[in-house]
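Asker: Could you have a look at this structure, given as structure tokens, before my questions?
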Amino acid sequence: MVRRTFLLLMFFWLALPATAGNEASFQAGTRAFEQGDYQAATRHFQRAVQQEPGDALSHLWLGMALQRSGQLDHARASLSKALRLGGDSQVAEHARAALQALDRLRPVRQEAALGPSSWRRVGAVQGLLGEDWYVRSTRYSRVWARHADREYVKEFVDNLDRAYEINVDFMGTRAGTPINFYCFSMDSPAHRQPRFAGLGVTRYLGMAVDRDTCLMNLSNWRTSQHIEPWELTRVACHELNHIFLHNLNLRSTFDNLTWFAEALAYSIEDRVLPVSQQRSLETMRLALRGYTSVDEDWRALVAERDTDEYEQYRTYDVLLASIISFLQASYGPDAVPRILRAARNSTLEEGFQAALGRDVPTLHREWKTFYRIR
Ligand SMILES: [Zn+2]
């Protein structure tokens with residue numbers, strides 16, 4: 001239903017000549033709208049109506065964007081203006097239909113009045129399966145979930161802002177916000193969503209796909225295993241770390257950052273859990289006691305983990321997290337922000353050299369000595 005209205009609007013936009021004075025703002029608005037960023041869309045359309053106050057189409061889109069961001073009174077005002085300015089055009093007809101739809105949404109309006117932390121019904125979302133999507137904002141994030149999953153994701157939503165702040169401290173930097181988390185249940189996992197179909201099939205529970213987008217599978221669809229809410233919380237913290245790293249735009253001499261990204265994420269992921277559930281240097285020392293390394297270097301660790309065809313017999317999370325604990329124990333608790341700062345305008349490998357005075361092969365040897373790995 002919502003989707004059909006949206007497509008009709010797209011048709012309008014393509015069919016009508018753009019008004020010269022506000023074309024850039026208008027097009028930026030429709031792009032943001034299509035991406036589901038209704039707050040940005042609202043800003044662009046507000047600029048478009050300032051530039052061309054008589055442009056009924058911009059008022060219509062502004063009304064739609066305001067409606068999607070939950071500002072229903074303002075939405076009503078913009079749609080009324082589009083209706084008035086539109087005369088007997090199709091724009092006016094759509095404004096009238098949108099106003100009538102708004103009146104049917106009155107119960108939702110009461111829910112929206114609870115504040116930014118409550119769920120807001122969105123309906124269909126372009127590129128996602130299902131007609132019953134809801135969105136809920138936190139301070140730094142926006143969580144998208146279907147009607148039946150809202151209760152299940154509550155714990156992880158409640159912990160998201162803390163996970164963000166833990167990552168700020170750990171990385172010494174911030175990621176752009178809001179970060180969108182899309183939650184998918186067992187019957188329609190991330191890779192089956194039309195919008196994310198190009199990502200291929202993986203076993204991941206969470207996947208950071210962009211600077212501001214993270215996909216969450218609420219169950220392990222490969223093993224049909226249920227995931228506990230606390231585990232979702234840990235996955236979200238892990239993926240947030242990847243998003244922080246995406247935002248830094250680091251390069252690598254060997255074109256391979258994954259091992260470092262995973263070492264960072266595994267090392268911070270459980271900090272959002274109670275202390276009793278967190279790894280410590282001592283628990284890692286115990287886990288690695290007697291371990292014989294079979295890898296040429298750290299990069300090989302992740303290549304094996306990421307191969308779906310392999311059976312997996314190693315605890316990659318401990319192995320990878322132990323790299324960061326070793327760096328912090330040997331080079332200071334601020335080793336990570338120092339490396340990231342030094343790597344920012346060169347490469348990760350030069351970052352290690354500049355911040356710690358060691359190259360990666362030397363650090364790999366030191367790590368083995370540190371944990372008595374053979
Ligand atoms: Zn990861």
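Asker: Which distance in nm do the two modelled labels at T177 and R365 give, with both placed 7 Å along the Cα-to-Cβ direction?
Answerer: A separation of 4.5 nm, rounded to one decimal place.
Asker: Would you please name the GluC sites (Glu not before Pro) within segment 307-359 that are DSSP coil residues with at most 11 other C-beta atoms within 10 Å of their C-beta?
Answerer: Answer in residue order: E309, E311.
Asker: To the nearest µm²/s, what D does Stokes-Einstein give for segment 250-374 at 37 °C and 0.692 mPa s, using the Kirkwood radius over alpha carbon pairs as Rh? Walk me through the intermediate numbers first.
Answerer: On the way: Rh = 15.1 Å.
The calculation lands on 218 µm²/s.
Asker: Add -39500 (n - 2.57) for each DSSP H run of 4 or more in the chain, then divide by its residues: what number comes out at 222 nm, to the nearest 500 deg cm²/dmol?
Answerer: Helix-only estimate at 222 nm: -17000 deg cm²/dmol.
Asker: If you don't mind, another one. Report the residue, chosen from N180, N241, N22, that carries the largest GNM mean-square fluctuation when the chain is represented by alpha-carbon nodes joined by springs under 10 Å.
Answerer: Comparing N180, N241, N22 in the GNM, the peak value goes to N22.
Asker: Just from the alpha-carbon atoms, what are the Rg and Dmax of segment 279-330 in angstroms?
Answerer: Using the Cα atoms of segment 279-330, the pair Rg, Dmax is 11.6, 36 Å.
Asker: What is the distance, in nm, between label points placed 7 Å from the Cα along the Cα-to-Cβ direction at R31 and at S280?
Answerer: 5.1
Asker: So if we plug the beta-carbon distance of S80 and L129 into 1/(1 + (r/R0)^6) with R0 = 41 Å, what FRET efficiency do we get, rounded to 0.05? Don't skip to the end; give the middle numbers.
Answerer: Details: r = 34 Å, r/R0 = 0.84.
E between S80 and L129, to the nearest 0.05, is 0.75.
Asker: If you build a Gaussian network model of the chain, linking Cα atoms that sit under 10 Å apart, which residue out of H226, H59, H246 swings the most?
Answerer: H226
Asker: Restricting attention to the alpha-carbon atoms of the chain, what are Rg (one decimal) and Dmax (integer), both in Å?
Answerer: Computed over the Cα atoms of the chain, radius of gyration and Dmax are 24.3, 80 Å.
Asker: Turning to a different aspect of this structure: When the distances between all Cα atoms of segment 117-248 are binned every 5 Å from zero, what whole-number percent does each bin get?
Answerer: Taking all Cα pairs of segment 117-248, the binned fractions are 2, 11, 22, 25, 22, 13, 5, 1 percent.
Asker: Select from M171, M207, M186 the residue whose mean-square fluctuation is largest in a Gaussian network model of the chain (Cα-Cα springs shorter than 10 Å).
Answerer: For the chain, modelled as a Gaussian network with Cα springs under 10 Å, the answer is M186.
Asker: Further, regarding this structure: Using θ = phi - 60° and the Karplus form 6.51 cos²θ - 1.76 cosθ + 1.60, what ³J(HN,Hα) does each residue of segment 287-293 get, whole Hz, x for Gly and Pro?
Answerer: Whole-Hz 3J(HN,Hα) from phi for segment 287-293: 5, 9, 4, x, 6, 10, 6.
Asker: Reported to two decimal places, what Rg/Rh ratio describes segment 193-274 when computed on Cα atoms with Rh from the Kirkwood expression?
Answerer: Checking Rg against Rh, the ratio lands at 0.98.
Asker: Explain nothing, just compute: Karplus ³J(HN,Hα) = 6.51 cos²θ - 1.76 cosθ + 1.60, θ = phi - 60°, for every residue of segment 131-141 in order, whole Hz, x for Gly and Pro.
Answerer: Working through the residues one at a time gives 10, 10, 7, 10, 10, 9, 9, 10, 4, 10, 9 Hz.
Rule-based calculations on the coordinates, nothing more; no lab input. Because the structure is a prediction, the values reported are computed rather than measured. Counting neighbours? That spans all protein chains shown, and the Cβs are built from the backbone with ideal geometry, glycine included.
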